[in-house]
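For reference, the structure is listed below as structure tokens.
The values are calculated or read from the model by the stated rules, or taken from the named source; none is laboratory data. The shown structure was predicted, so the numbers you read here are calculated from the model rather than taken from an experiment. Positions of Cβ are generated from backbone atoms using ideal geometry, with glycine treated the same way; all protein chains shown enter the neighbour counts. Just the protein is used for accessible areas: all its heavy atoms, side chains included, with ligands, DNA and RNA removed. Shrake-Rupley method; radii C 1.70, N 1.55, O 1.52, S 1.80 Å.
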Amino acid sequence: MKNIAIIAIAFLMTFGQAFAQNKKENSKKMETTEQYTFQLSEKVTRQKVSFKNRYGITLSGDLYLPKNAGNEKLSALAISGPFGAVKEQSSGLYANQMAERGFAVVAFDPSYTGESGGKPRNLASPEINTEDFSAAVDFLGIQKNVDREKIGIIGICGFGGFALNATAIDKRIKAVATSTMYDMTRVMSKGYNDAVTLEQRTKMLEQLGQQRWKDAENGTFAYGPEGNKALKGDEPQFLKEYYDYYRTKRGFHKRSINSGNSWTATTPLSFMNMPILTYIKEISPRPVLIIAGEKAHSRYFSEDAFKAAAEPKELVIIPNAVHVDLYDKVDIIPFDKLETFFIRNLKQ
């Protein structure tokens, strides 16, 4: 719709669609019999867990443990992302791989999404999603088989930015890695490649304000159209890559917002003036590992975050990889590098 088109300039690059004011949540979705988009390793156990964040929202997670751990206290990791995904997708795959390498790992659904609590559904907040990582650290740190002095986090896609933000503020986190990261506050407020002008930003905020009036009058929240809608063929290549992951058997999950569900239309509001990487230098002297694909449309977010971070830091560019390759392609994702990084840096 024309009166929503300006909002889409920033939002389109992440979700691939403009907003529709009256479209409701839970559009038609592909049927699937698979709960998880990957196979659980024979060397790993998985169990459902839940824990509350500082706002009292109950988060749902899966705890992955190596079967051969014995009674030793383990180093631990918390993983979430991509933005709009669920724990049965990429974050669970990462958790499965890292547990196989000897870590206790919780992959969790962020607040308001997946099986986690919070209303309205399918809402995001840079502050609350940052807090979700710290809540996962709370959970890991009180497990009897976890060494609370050896906890790190991994953020995928948009949760890479939240992971960096959480590590800056939460000194309990000893090391952080991001994979194919987005800075969601930057892309929402400035658009892809920072292309949004001040005039366009002002119009976005005006439109969002008008949407709030409509929501208040209706007594409910409007939702955008389904995530990653069927392709017409003339979309940018990266939108085709998103579709190939989220809307096919490769990565589809019925609870994933990106697999045909919808965000609230006013979700961008809290992202517009809260730059989450402002304090990235304060992660130091704890180490940062940033991983990106050579051909990823999102690569500049990783490179800029790397430049802004203080030492110790490392940037790994995966040859020929696009953004979504680092969601699930286990032969491309550098799990050995992640294992080495966390073994070396999760120290007391």
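Residue count for the stretch 244-254 satisfying the condition of being among the hydroxyl-bearing types (Ser, Thr, Tyr) and surrounded by fewer than 24 Cβ atoms within 10 Å (Cβ to Cβ): 1. A search for C-beta distances below 6 Å between a residue of the stretch 267-295 that is within 14 Å of Val176 (Cα to Cα) and without any contact (Cβ under 8 Å) to a residue 60 or more places away in the chain and any residue that is assigned to a strand (DSSP E or B) and among the hydrophobic types (A, V, I, L, M, F, W, C), counting only pairs 6+ apart in sequence or on different chains, returns nothing. Restricted to the stretch 101-198, the set of helices (runs of 4 or more DSSP H) holding at least 2 residues that are touching a Phe, Trp or Tyr at 6+ places or on another chain (Cβ under 8 Å) and of a type in the set (Phe, Trp, Tyr) comprises 126-141, 158-169.
Residue by residue through the stretch 272-282, note down the ones that are in a loop (DSSP other than H, G, I, E, B) and open to solvent by 50 Å² or more (accessible area, probe 1.4 Å). Before you say what the answer is, go through the steps one by one.
We begin by selecting, within the stretch 272-282, every residue in a loop (DSSP other than H, G, I, E, B); these are 272-279.
Those that are in a loop (DSSP other than H, G, I, E, B) and open to solvent by 50 Å² or more (accessible area, probe 1.4 Å): Asn273, Met274, Pro275, Thr278, Tyr279.
Within the stretch 255-271, being open to solvent by 10 Å² or more (accessible area, probe 1.4 Å) and out of contact with any Gly (no Cβ under 8 Å at 6 or more places or on another chain) holds for Thr266, Leu269, Ser270.
Tally up the residues in the stretch 310-327 that are within 14 Å of Ser179 (Cβ to Cβ) and either among the basic types (Lys, Arg) or buried (at least 18 other Cβ atoms within 10 Å of the Cβ) (or both), please. Steps first, answer last, please.
Residues of the stretch 310-327 that are within 14 Å of Ser179 (Cβ to Cβ), as a first pass: 314-318, 321-327.
Next, from what is left, pick out any that are either among the basic types (Lys, Arg) or buried (at least 18 other Cβ atoms within 10 Å of the Cβ) (or both): 318, 321-327.
Result for the stretch 310-327: 8.
Scan the stretch 99-121 residue by residue and report those that are farther than 25 Å from Gln39 by Cα and open to solvent by less than 10 Å² (accessible area, probe 1.4 Å). The one that is farther than 25 Å from Gln39 by Cα and open to solvent by less than 10 Å² (accessible area, probe 1.4 Å): Ser111. For the residues Val330, Val316, the requirement of being in contact (Cβ under 8 Å) with a residue 40 or more places away in the chain, of a type outside the set (Phe, Trp, Tyr) and closer than 22 Å to Asn96 by Cα singles out Val330.
Within the stretch 53-85, the residues that satisfy the criterion of being over 21 Å from Phe341 (Cα atoms), of a type in the set (Gly, Ala, Ser) and not in a strand (DSSP E or B) are Gly56, Gly70, Gly84, Ala85. Summed over the stretch 159-183, residues that are open to solvent by 10 Å² or more (accessible area, probe 1.4 Å) and in contact with a Ser or Thr (Cβ under 7 Å, 6 or more places away or on another chain) total 2. Only residues that are open to solvent by 90 Å² or more (accessible area, probe 1.4 Å) and closer than 21 Å to Thr264 by Cβ were counted in the stretch 191-214, giving 4.
Of Ala308, Ala296, all but one fail to be touching a His at 6+ places or on another chain (Cβ under 6 Å) and among the small types (Gly, Ala, Ser); the exception is Ala296. Set side by side, the residues Glu235, Glu217, Glu241 differ, and just one is in a helix (DSSP H, G or I) and surrounded by 11 or more Cβ atoms within 10 Å (Cβ to Cβ), which is Glu241. The residues of the stretch 71-96 that are in contact with a Pro (Cβ under 9 Å, 6 or more places away or on another chain) and aromatic (Phe, Trp, Tyr) amount to a single one, Phe83.
Summed over the stretch 67-84, residues that are touching a strand residue (DSSP E or B) at 6+ places or on another chain (Cβ under 8 Å) and either among the hydrophobic types (A, V, I, L, M, F, W, C) or open to solvent by less than 10 Å² (accessible area, probe 1.4 Å) (or both) total 9. Looking at the stretch 99-112 only, could you name the residues that are closer than 12 Å to Ser80 by Cα and not acidic (Asp, Glu)? Result: Val105, Val106, Ala107, Phe108, Pro110, Ser111.
For the stretch 46-66, how many residues are under 14 Å from Ala95 (Cβ atoms), surrounded by 13 or more Cβ atoms within 10 Å (Cβ to Cβ) and out of contact with any helix residue (DSSP H, G or I) (no Cβ under 8 Å at 6 or more places or on another chain)? Within the stretch 46-66, residues that are under 14 Å from Ala95 (Cβ atoms), surrounded by 13 or more Cβ atoms within 10 Å (Cβ to Cβ) and out of contact with any helix residue (DSSP H, G or I) (no Cβ under 8 Å at 6 or more places or on another chain) number 2.
Scanning the stretch 283-309 for residues that are open to solvent by 30 Å² or more (accessible area, probe 1.4 Å) and of a type in the set (Gly, Ala, Ser) yields Ser284, Ala308.
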